[in-house]
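The values are calculated or read from the model by the stated rules, or taken from the named source; none is laboratory data. All figures in this text were calculated on a predicted structure; none of them were measured in a lab. So basically every Cβ, Gly included, is an ideal-geometry build from the backbone, and we count neighbours across all protein chains shown.
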């Protein structure tokens, strides 16, 4: 099972009809299950007896509103999805607006993550747009008394020869009531790239104006009548906490302090939590700092980063304990007959989100329903857990969606809503709970530390004959959505594909085995989080660094070495509709990169160029990425300075060029940040870094020059949010080796660690 299968949108075109009708003064388009198709389109649209509901509507002024069930957190997802609809509809882009919707079963699965948004929405929204166009064309031909074949939809008009009628005028004149079966829907033509007038064309994002003029509302902005402010007292560890005593005597001296409540959580996510209440947020912050909460000891207090990593090393030493993900050929046989072999172990440290907007929620009970006001990425996952905590039916909870001041995976599971909901229930008033940066850090779902071990075997000619890859980490899906765990290849175990994707790569190897391990100690210590790219963040680091090691061992240029392995044979050939071309497309981006960057050029001392490849989140949704990093190492300090990143990307059809470029720029920069700067460690069962004074993301002064280009393609559009993040670290690591001869195998590559390796090498050579 692939990641895209596990998170699949509930819109399955093979089982759904399309409804087009006039409701009120609007032209509306929606999907509905076929079993309800005996109702009229107008009746179903009016009753909202379908799921998901209206994708778009056109009013009598010609305004086209596209409803967006994806979270907006800076990636401009609404613009991309609206472009898909508008393109097929033949709309005037200036007439298009977007609206982000709240939770309701009628919207189906609501999740924004995994680089899925455009990938999962492209076909259904294209079909919906095309169907709307064809219905409007038929109506326009009738009104204008022209043959249908002489008519086209263009720029918000139905044009038939020299006559035309606007969408707005047509909707005023005509009533629509049409049900289109799933089989009929598949026959509606979708435009090719050469006919696109909106998709792939430059335009500003639709969410920019409200963000600039201040009308955009983020979760942290929300206020409701009668609310009180709250700040949590976050316990010392994630699990095993039990309150011994609470002393709020000092807080009682604060004007506006309203007391505290111990929170009991039936959902099981919170253990030992206390919520403080006040008239204002500043007083809530101060009161929480003044309150003294003591806890009983628990086993997690003794856990450190080192103990988690040591446990990981021990786990992967046992082949029988691993879950089998890839099994090509016979690596054991290859090892026995090998002329030589090499081993390498790569690690990554704990990494955190540090999104700009700290997590927050406003919760109020009104009209017998719990209303949640908060930004969230996976409403369909969060809502049931909030309902469980409140001990109510899911139908009694609504999550009202707002702009997100950064998500990056932290807001996929909105566990931060649960303490706000329990606090509101405990005090019997609406509550606005805002986490400070320190609170947010202690309650973060960090990217797990990881350990990866690779073994490669060679024949007498130094040709690679086999690779075995074992790796371990804490698993987000096991913690937060265990129903999405996928079976191992032999069916004996379960795998978190988010933590394993990328290891089943596109290089052709005669013998290749991958074993995946869950670090149960990490799992018991914290909630492992989905952080932009998740597993590929450590997997690409190990695979692409090791590929360079194999190239050097075999005496080959790293580029040519990779190209030879991208033969697109067998399962590496890819398949329709999402991975057409397979390894050929990965080979193409590397060849294109090689034409742009001469990796063999003569460079000054301590400078080097390294390359690496990435192939998206998974095999069924690959985004082909090649990157060259030109770096310089200061031998005195160990600091790595990046002169330039050159990146070539094939993501199929580029829907929103400005958004696509922004995604790559952002992901590359976070890749740099994770490679050289970001990392913390667990101490006494909790992360050591609590704010930006001791957690150091990339600063503006260290931002490199970037050259990003997209391959022109008619292939199915795939994800862009994550692939750029994972390719950076190995490219930098490989460049450091080319510059200094030092092979780095631990992230982040801090100046201290680089300097230590340089000194060790110098000592050996002395």
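This table checks each residue for (1) modelled with pLDDT under 95; (2) surrounded by 17 or more Cβ atoms within 10 Å (Cβ to Cβ); (3) farther than 17 Å from residue 436 by Cβ.
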| position | (1), (2), (3) |
| --- | --- |
| 230 | no, yes, no |
| 234 | no, yes, no |
| 237 | no, yes, yes |
| 245 | no, no, yes |
| 248 | no, yes, yes |
| 251 | no, yes, no |
| 260 | no, yes, no |
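Inclusion of residue 176 among residues that are at pLDDT below 95 and either in contact with a strand residue (DSSP E or B) (Cβ under 9 Å, 6 or more places away or on another chain) or not assigned by TED's automatic domain parsing to the domain that holds residue 131 (or both) is warranted. Restricting attention to region 263-280, the residues being out of contact with any helix residue (DSSP H, G or I) (no Cβ under 8 Å at 6 or more places or on another chain) and surrounded by fewer than 17 Cβ atoms within 10 Å (Cβ to Cβ) number 3.
Give the number of residues within region 321-343 that are assigned to a loop (DSSP other than H, G, I, E, B) and either closer than 29 Å to residue 485 by Cβ or out of contact with any strand residue (DSSP E or B) (no Cβ under 7 Å at 6 or more places or on another chain) (or both). Walk me through it before giving the result.
First pass over region 321-343, keeping only residues assigned to a loop (DSSP other than H, G, I, E, B): 322, 329-330, 338-339.
This time we only want the ones that are either closer than 29 Å to residue 485 by Cβ or out of contact with any strand residue (DSSP E or B) (no Cβ under 7 Å at 6 or more places or on another chain) (or both), so: 322, 329-330.
Residues that pass the stated criteria total 3.
Taking (1) at pLDDT 95 or above; (2) in a helix (DSSP H, G or I) in turn, residue 468 satisfies each apart from (2).
Screening residue 576 with (1) at pLDDT below 95; (2) crowded, with 23+ Cβ neighbours inside 10 Å gives one miss only, at (2).
Looking at the structure I just gave you, is residue 389 farther than 30 Å from residue 207 by Cβ and assigned to a helix (DSSP H, G or I)?
Values: farther than 30 Å from residue 207 by Cβ: yes; assigned to a helix (DSSP H, G or I): yes.
Judged against the criteria, residue 389 is a match.
Okay, residues lined up against (1) over 16 Å from residue 402 (Cβ atoms); (2) touching a strand residue (DSSP E or B) at 6+ places or on another chain (Cβ under 8 Å); (3) assigned to a loop (DSSP other than H, G, I, E, B); (4) modelled with pLDDT under 95:
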site	(1), (2), (3), (4)
183	yes, no, no, yes
189	yes, no, yes, yes
199	yes, no, yes, no
202	yes, no, yes, yes
205	yes, no, yes, yes
224	no, yes, yes, no
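Need a quick list: strands (runs of 3 or more DSSP E) entirely within region 586-657 having at least 3 residues that are touching a residue at least 60 places away in the same chain (Cβ under 8 Å) and surrounded by fewer than 22 Cβ atoms within 10 Å (Cβ to Cβ). Give the derivation first.
Details: elements: 607-615, 624-633, 640-650.
Those strands (runs of 3 or more DSSP E) span 640-650.
Would you please name the residue that is farthest from residue 308 (Cα to Cα), looking only at residues in region 681-699 that are in a loop (DSSP other than H, G, I, E, B) and in contact with a helix residue (DSSP H, G or I) (Cβ under 7 Å, 6 or more places away or on another chain)? Don't jump to the end; show me each part of the working.
The initial filter retains those residues of region 681-699 that are in a loop (DSSP other than H, G, I, E, B), namely 681, 684-685, 688-699.
Those left that are additionally in contact with a helix residue (DSSP H, G or I) (Cβ under 7 Å, 6 or more places away or on another chain): 681, 684-685, 689-691, 697-698.
Working: 681: 10, 684: 12, 685: 10, 689: 17, 690: 20, 691: 23, 697: 23, 698: 26 Å.
Here the residue is 698.
Comparison of 130, 168, 91 shows that the only residue that is more than 17 Å from residue 55 (Cβ to Cβ) and at pLDDT 90 or above is 168. Screening residue 498 on (1) part of a helix (DSSP H, G or I); (2) within 27 Å of residue 737 (Cα to Cα) shows it passes everything except condition (2).
Flag not set for residue 297, criterion: assigned to a strand (DSSP E or B) and surrounded by fewer than 17 Cβ atoms within 10 Å (Cβ to Cβ).
Condition check ((1) surrounded by fewer than 17 Cβ atoms within 10 Å (Cβ to Cβ); (2) closer than 25 Å to residue 223 by Cβ) across all residues:
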position	(1), (2)
304	yes, no
317	yes, no
322	no, no
350	no, no
363	no, yes
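Residue 77 satisfies every condition listed in (1) closer than 30 Å to residue 356 by Cα; (2) modelled with pLDDT of 95 or more except (2). If the requirement is being assigned by TED's automatic domain parsing to the domain that holds residue 81 and under 18 Å from residue 60 (Cα atoms), which of these qualifies: 190, 165? Answer to the check: 165.
From the list 220, 291, exactly one residue is under 33 Å from the mean Cα position of the chain (by Cα) and either outside the structural domain of residue 418 (by TED's automatic domain parsing) or surrounded by 15 or more Cβ atoms within 10 Å (Cβ to Cβ) (or both). Which is it?
Values: 291 fails: under 33 Å from the mean Cα position of the chain (by Cα).
On inspection, the qualifying residue turns out to be 220.
Taking (1) buried (at least 23 other Cβ atoms within 10 Å of the Cβ); (2) within 30 Å of residue 408 (Cβ to Cβ) in turn, residue 136 satisfies each apart from (2).
Quick one: which residue in 705, 678, 665 is crowded, with 19+ Cβ neighbours inside 10 Å, out of contact with any helix residue (DSSP H, G or I) (no Cβ under 6 Å at 6 or more places or on another chain) and assigned by TED's automatic domain parsing to the domain that holds residue 635?
678
Against the criterion of being in contact with a helix residue (DSSP H, G or I) (Cβ under 7 Å, 6 or more places away or on another chain), on the phi > 0 side of the Ramachandran plot and surrounded by 15 or more Cβ atoms within 10 Å (Cβ to Cβ), residue 200 qualifies.
Kindly provide the set of residues from region 29-43 that are in contact with a strand residue (DSSP E or B) (Cβ under 6 Å, 6 or more places away or on another chain) and either crowded, with 24+ Cβ neighbours inside 10 Å or at pLDDT below 70 (or both), ordered by number. Result: 29, 30, 31, 34, 37, 41.
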